[in-house]
Amino acid sequence: MFDKSVIILVVSREILEGTVVDRNAAFIANRIDDLGYRVRTIQVVDRVEGEMVAALKWALDQKPMFVLMTGGLGPNWDDNTRSCLAKAAGLPLKEDKKALEQIRSAYRRMNAKGLIEEVELTEARAGMAWVPEGSICHENTVGTAPSVQLKVGTTTVFLLPGVPAEMQRLFTMHVLPAMSAEGPTTVRRERQIDYHGRDESAISRKLGEVAKRHPQASFRTRVQGSEEALTIRITLVVEHSDPVTLDELLEHAESDLRAALGVEVHSRPTDASRLGD
């Protein structure tokens, strides 16, 4: 069976203090869903070595297909994500010559733009090239710290910068292609049905009965609108390796739900996404 689960770890003291709102996890989760992967959990971790190592060890023990961690890759004294991954995976840290050149190039680029004066690779800057043995480093063309890709058992770990612009660029360039390449080949389609004027408890039993009759479909509800004009949006999700069978399953589930609710509803099919078994 294909394990399509992903664990997202966000390193940030500021998020835990409420002074910064996390944008990275939402960006990643949205695009992972489009690929058909399931985000198992999102955890915000303090920038404390013991807690970071423990979080990474736990994540690796779950054996998801991917662990994605953002933050803690810069040249500051407490940017220790690389060393924490090495400890969690039981691997030594080694200087990556390719990453060192990528970092040197980044500081030259910033100097040429007038953003910094000194281009010398200080010990702190060069430290960003020390990664767990066996890592693949990807150049950061927006900032300075390369992203890190490491295979630990059956799990692929990506370390990404915490700065949203840098993270998004590296995620799009390197994480998405890796996930697409290793991803599943089955198809998912959705139908959204808006049920007006009732609260969720009024249709809960009927939804449960329909769900039992269609175990290959999942049903999600979300309340929208104001108290005076509530709308319950019901999303039906079906996945299958055969698109024709998928359409039949989805049509039967929607027809059954329409009959159970006893009202005229309108469905809107959405684009198919690739999913796994």
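Being among the aromatic types (Phe, Trp, Tyr), surrounded by 15 or more Cβ atoms within 10 Å (Cβ to Cβ), in the same structural domain as Asn76 (by TED's automatic domain parsing) and in contact (Cβ under 8 Å) with a residue 40 or more places away in the chain, is that true of even one residue in the range 170-192? Spell out how you get there, then give the answer.
Our first condition is that a residue be among the aromatic types (Phe, Trp, Tyr); within the range 170-192, this holds for 171.
Checking which are surrounded by 15 or more Cβ atoms within 10 Å (Cβ to Cβ) leaves us with 171.
Remaining after also requiring in the same structural domain as Asn76 (by TED's automatic domain parsing): 171.
When the remaining residues are screened for being in contact (Cβ under 8 Å) with a residue 40 or more places away in the chain, the result is 171.
Yes, there is a match, as at least one residue in the range 170-192 is among the aromatic types (Phe, Trp, Tyr), surrounded by 15 or more Cβ atoms within 10 Å (Cβ to Cβ), in the same structural domain as Asn76 (by TED's automatic domain parsing) and in contact (Cβ under 8 Å) with a residue 40 or more places away in the chain.
Leu159 fails exactly one of the following numbered conditions: (1) in contact with a strand residue (DSSP E or B) (Cβ under 8 Å, 6 or more places away or on another chain); (2) surrounded by fewer than 21 Cβ atoms within 10 Å (Cβ to Cβ). What is the number of that condition?
The single condition Leu159 does not satisfy is (2).
Is it fair to say Arg104 is surrounded by 18 or more Cβ atoms within 10 Å (Cβ to Cβ), in contact (Cβ under 8 Å) with a residue 12 or more places away in the chain and charged (D, E, K, R)? Full working, then the answer.
On the way: surrounded by 18 or more Cβ atoms within 10 Å (Cβ to Cβ): no; in contact (Cβ under 8 Å) with a residue 12 or more places away in the chain: yes; charged (D, E, K, R): yes.
Judged against the criteria, Arg104 is not a match.
Could you check how many residues of the range 108-130 are within 15 Å of Leu73 (Cβ to Cβ) and surrounded by 13 or more Cβ atoms within 10 Å (Cβ to Cβ)? Give the steps one after another, and end with the answer.
At the first step, the residues of the range 108-130 found to be within 15 Å of Leu73 (Cβ to Cβ) are 124-130.
Now restrict to residues that are surrounded by 13 or more Cβ atoms within 10 Å (Cβ to Cβ): 125-130.
Residues that pass the stated criteria total 6.
Looking at the range 18-28, can you tell me whether even one residue there is free of Cβ contacts under 8 Å to residues at least 60 places away in the same chain and surrounded by 15 or more Cβ atoms within 10 Å (Cβ to Cβ)?
We begin by selecting, within the range 18-28, every residue free of Cβ contacts under 8 Å to residues at least 60 places away in the same chain; these are 18-22, 25-26.
Then keep just the ones that are surrounded by 15 or more Cβ atoms within 10 Å (Cβ to Cβ); that gives 22, 25.
Yes, some residue in the range 18-28 is free of Cβ contacts under 8 Å to residues at least 60 places away in the same chain and surrounded by 15 or more Cβ atoms within 10 Å (Cβ to Cβ).
I'd like the full set of residues that are closer than 13 Å to Leu35 by Cα, among the polar types (S, T, N, Q) and modelled with pLDDT of 95 or more, limited to the range 151-185.
Thr172
Residues being under 15 Å from Ala86 (Cβ atoms) and out of contact with any Leu (no Cβ under 8 Å at 6 or more places or on another chain): count how many of those fall in the range 152-171.
Number satisfying all stated conditions: 0.
Find the residue count for the range 80-90, including only residues that are of a type outside the set (Val, Ile, Thr) and closer than 10 Å to Val48 by Cα.
Within the range 80-90, the first condition is being of a type outside the set (Val, Ile, Thr), and the residues that meet it are 80, 82-90.
Of the ones still in play, those that are also closer than 10 Å to Val48 by Cα are 80, 84.
Qualifying residue count for the region: 2.
Considering the range 157-172 alone, what residues qualify as being more than 16 Å from Val10 (Cα to Cα) and under 13 Å from the mean Cα position of the chain (by Cα)?
Answer for the range 157-172, where residues must be more than 16 Å from Val10 (Cα to Cα) and under 13 Å from the mean Cα position of the chain (by Cα): just Thr172.
Residues checked against (1) in contact with a Phe, Trp or Tyr (Cβ under 8 Å, 6 or more places away or on another chain); (2) surrounded by fewer than 20 Cβ atoms within 10 Å (Cβ to Cβ); (3) modelled with pLDDT under 95:
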position	(1), (2), (3)
Ile8	no, no, no
Asn30	no, yes, yes
Tyr37	yes, no, yes
Gly50	no, yes, no
Val53	no, yes, no
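Need the failing condition index for Glu95 against (1) more than 20 Å from Ala59 (Cα to Cα); (2) surrounded by 17 or more Cβ atoms within 10 Å (Cβ to Cβ); (3) modelled with pLDDT of 95 or more, just the number.
With (1) more than 20 Å from Ala59 (Cα to Cα); (2) surrounded by 17 or more Cβ atoms within 10 Å (Cβ to Cβ); (3) modelled with pLDDT of 95 or more applied to Glu95, the lone miss is (2).
The values are calculated or read from the model by the stated rules, or taken from the named source; none is laboratory data. Everything numeric in this text was worked out from a predicted model, so none of it was measured. As a convention, Cβ positions derive from the backbone with ideal geometry for all residues, glycine included, and neighbour counts pool all protein chains shown.
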